[in-house]
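Written below as structure tokens is the structure these notes are about.
The values are calculated or read from the model by the stated rules, or taken from the named source; none is laboratory data. Just so we're clear, the structure is a prediction, and the values are computed from it rather than from any experiment. Reconstructed Cβ throughout: ideal geometry from the backbone, glycine too, with neighbour counts over all protein chains shown. Side chains included, ligands, DNA and RNA excluded: accessible areas come from the protein's heavy atoms. Shrake-Rupley method; radii C 1.70, N 1.55, O 1.52, S 1.80 Å.
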Amino acid sequence: MEAPLTLDQLKTAVRQGAVDTVLLALTDMEGRLQGKRLTGEHFVDVVADHGAEACNYLLAVDVEMNTVGGYSISSWERGYGDFEMKPDLSSLRPVPWQEATAFCIADLQWADGSPVAESPRQILRRQLDRLAERGLEATGATELEFIVFKTPYEEAMNRGYRDLEPANQYNVDYSLLGTARVEPLIRRIRNSMSGAGLKVENSKGECNFGQHEINFKYGPALQTADEHAFYKNAAKEIAAQDGMSITFMSKFDEREGSSCHIHLSLRGGDGTALFADDEGAFRRFVAGQLACMREMTLFFAPHVNSYKRFAEGSFAPTAVAWGEDNRTCSLRAVGHGAGRRIEQRLPGADVNPYLALAAMIAAGLHGMDEGLELEPAFEGSAYASDKPRVPGTLRDAAELFGQSAVAREAFGEDVVAHYLNHARVELAAFDSAVTDWERRRGFERL
């Protein structure tokens, strides 16, 4: 099967027996794929037109799928009912590493047809609609780093995620020799993604042991987020099939963390590159990023572990600053002409791409609507600057997000409350945990 698939092509494939399973997926608060495996016949005959149901607790649980309190849309008191998964048929694609399988992503709506405002895909859609009201469109790309281990997932879990064997034993950043050691897996992921219709550009090694990234061509912002979620899930599945494992933790160990740099640019409805053609619009958009970065950090760094990555001299940013091709800044302006874009360097590999892209658009629109002035590009090392610092903990980021008038205006009160509760749940779980560090430090000596 070629990608992308049309519904007519899928119907033919199902009739001919080339497809017998369709994955219908939603993206949860972590940006993970959740959903159902449907028979191909049932999908094309019923679900393609009418959708399918899923329990609304999927947007009201923690990372480990525990039901937790504090969410207005879903609770024991409300009975944990359903919302509806409405297939977005433009996302149909084959799944080359699964036999006779296709994939489709869904938007979430309530029984009356109204959107589930708290769902990540809807949060991004709302910001794209705000752009469209101004005759603008967003294009983006994500650069997602990960660490490969020769240790399978089940064995890693049984070991308590200790003493895992990285796929490389030294820094393989740009190394063709070092990356060749892992090429069978990385090549399979690249080719599988191409077979699914994603436009792969390259792969390369990174600094931490076993660390790599695969990069994809930019595209419309919603498509970019969809493909990010699809690829992240796929890479884990393919690694597991090969008896290996991949982590997208922001900071797995004390060495370099795994980032997810996000590139974004705006285009007019006629396809003109706004950042190339309108320097004023570019400057106001970037000024909005700087003005809102601290209060939007929750959408760039959503977990306790996310903040371990922010360290001086690590290529992870610590200062609220922008620069022309300056990797020490949290915002890096890159490209020329139609390729002019802004790179947001705060997110780690654990980021939810829908929320991060939505935050970038909301901040940029704030700058454009308010006519904010952009400070001069920073030169030198932003690590050593007197620029404001990005929040150092999830607790600080949540407090700033909760106080943000821009977030409330852009996303709505219900969305802000929902993701503040997500942060509280994460913090409560962490605060109650006893870590290996505490045991090593205190078992005998305290």
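For residue 247, the accessible surface of its heavy atoms amounts to roughly 20 Å² (probe 1.4 Å, protein chains only, rounded to the nearest 10). I need the chymotrypsin sites (Phe, Trp or Tyr not before Pro) found in the range 315-371, filtered to DSSP loop residues with at most 10 other beta carbons within 10 Å of theirs. Sparse-neighbourhood loop chymotrypsin sites (Phe, Trp or Tyr not before Pro): none present. In the complete set of protein chains, residue-level accessible area for residue 245 is approximately 10 Å², probe 1.4 angstrom.
When the chain is treated as a Gaussian network with alpha carbon springs shorter than 10 Å, the biggest mean-square fluctuation among 317, 353, 96 belongs to 96. Listed by chain and number, the lysines placed with their C-alpha closer than 16 angstrom to that of residue 308 are 251; residues fewer than eight positions away on the same chain are left out. The residue list 371, 361, 430 was ranked by how far each Cα lies along the charge dipole of the range 356-435 toward its positive end, using unit charges on Cβ atoms, and 430 comes out on top. Cross-linked pairs 204/236; 150/217; 36/236: Cα-Cα separations exceed 21 Å for 150/217.
What net charge is computed for the residues neighbouring residue 371, neighbours being all others with C-beta under 15 Å from the C-beta of residue 371, Lys and Arg scored +1, Asp and Glu -1? Local net charge: -3. Measuring only protein heavy atoms, the 1.4 Å probe finds residue 437 accessible over about 140 Å².
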